[in-house]
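Single-structure report; data block below.
Values in this text are rule-based calculations from the coordinates and carry no lab data. These numbers were taken from a predicted model, which means no experiment stands behind them. Heads up, the Cβs are rebuilt from the backbone with ideal geometry, glycines too, and the neighbour counts pull from every protein chain shown.
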Amino acid sequence: MVDKNMKHEKLLNLFEDYLSCNLPVSNSFHPIFQNALQDMLKAGGKRFRPMLLLTVVNASNSLLLKNALPVALAVEFLHTYSLIHDDLPAMDNADLRRGHPTLHKSFDEVTAILVGDALNTHSFNLIAHAPLSSDVKIEIIKSLSSDGGIDGMIIGQAIDCYFENTTIELEKLEFLHIHKTAKLIACSLKIGAIIANLNDNITQKLYDFGIDIGLLFQIQDDIIDETSTEEEAMKTTSNDGSKNSFVNLLGLDGAIKSADKLAEKCQNTLVNFDENIKTNLESILKSYLFRHRG
């Protein structure tokens with residue numbers, strides 16, 4: 001039986017081991033594609049989204065944790081595809097990601113585009129083959145394809161790129177980042193709830209909570225871009241000058257105040273969850289978010 005109070009580090013190691021054993025494979029005579037396909041996954045990363053998913057499952061129905069691993073991997077594949085495409089010359093034109101050269105730098109732009117496409121589509125193949133009921137898998141696919149697609153991440157990215165060098169007001173900035181960043185984070189919590197068979201009310205509360213922590217994640221990311229070196233952030237920084245970021249709109253002090261206010265809201269929401277969910281989520285959020293306060 002899996003320990004309901006499994007520590008964050010142990011759960012992360014479980015996921016990393018699973019990822020290492022299930023890296024995507026492309027059998028062909030192409031000389032570089034398989035290496036490129038695995039490159040950004042091997043480079044590491046926060047694994048924030050799959051960890052949120054696994055944390056909800058572990059807290060609510062720990063016997064399903066192993067069954068949830070392919071779905072958590074699918075979320076990480078889809079997230080990694082989005083980073084690969086986000087870094088392309090046509091978008092952010094970034095050189096560094098996860099402390100590693102971006103894929104179009106290590107290989108070439110065509111390869112990076114195709115690897116992103118492959119990880120996106122293969123994420124749904126992983127879900128289709130997960131050891132879960134068909135009804136559960138359909139609900140997962142509906143949620144991930146919406147929040148990771150045109151109703152979420154894609155329209156957020158489209159707005160982000162279209163309005164470069166154009167200042168938009170705070171309400172539109174929040175819309176942008178709710179869709180580009182927060183919805184996939186919220187979706188990760190929701191998928192964990194779907195797998196654990198939590199009721200609709202709790203599932204919706206987790207999703208709404210995820211929107212708030214997703215926005216907090218983005219504000220903190222904007223602050224990191226402004227205040228950290230590339231070595232500290234492990235990605236290209238000082239790259240948001242033409243972007244609609246919270247720092248650019250509110251100033252650094254204003255962004256920090258907004259992050260602190262939102263972190264307080266998230267902590268107040270967290271205490272209203274079931275004790276197991278609260279304790280397990282609190283552990284992961286302290287590792288990723290709340291430790292940055294102040």
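For the peptides 84-93, 268-277, the ranking by packing is 84-93, 268-277, with the highest mean count of neighbouring Cβ atoms within 10 Å listed first.
Our helix-only sum for the chain, with -39,500 (n - 2.57) per DSSP H run of n ≥ 4 divided by its residues, gives a mean residue ellipticity at 222 nm of -22000 deg cm²/dmol. Here's the list of lysines a cross-link from Lys10 could span, going by alpha-carbon distance under 25 Å and ignoring same-chain residues fewer than 8 apart: Lys42, Lys46, Lys66, Lys190, Lys278, Lys286.
Each label was represented as a point 7 Å from its Cα along the Cα-to-Cβ direction; for Ser106 and Asn272 these points are 4.3 nm apart. Taking amide H as placed 1.01 Å from N in the peptide plane, the amide H of Met234 sits under 5 Å from none that are at least 5 places away or on another chain. Using θ = phi - 60° in the Karplus curve 6.51 cos²θ - 1.76 cosθ + 1.60, the 3J(HN,Hα) couplings for region 265-276 round to 4, 5, 5, 5, 5, 4, 5, 8, 7, 3, 4, 5 Hz; x is entered for Gly and Pro.
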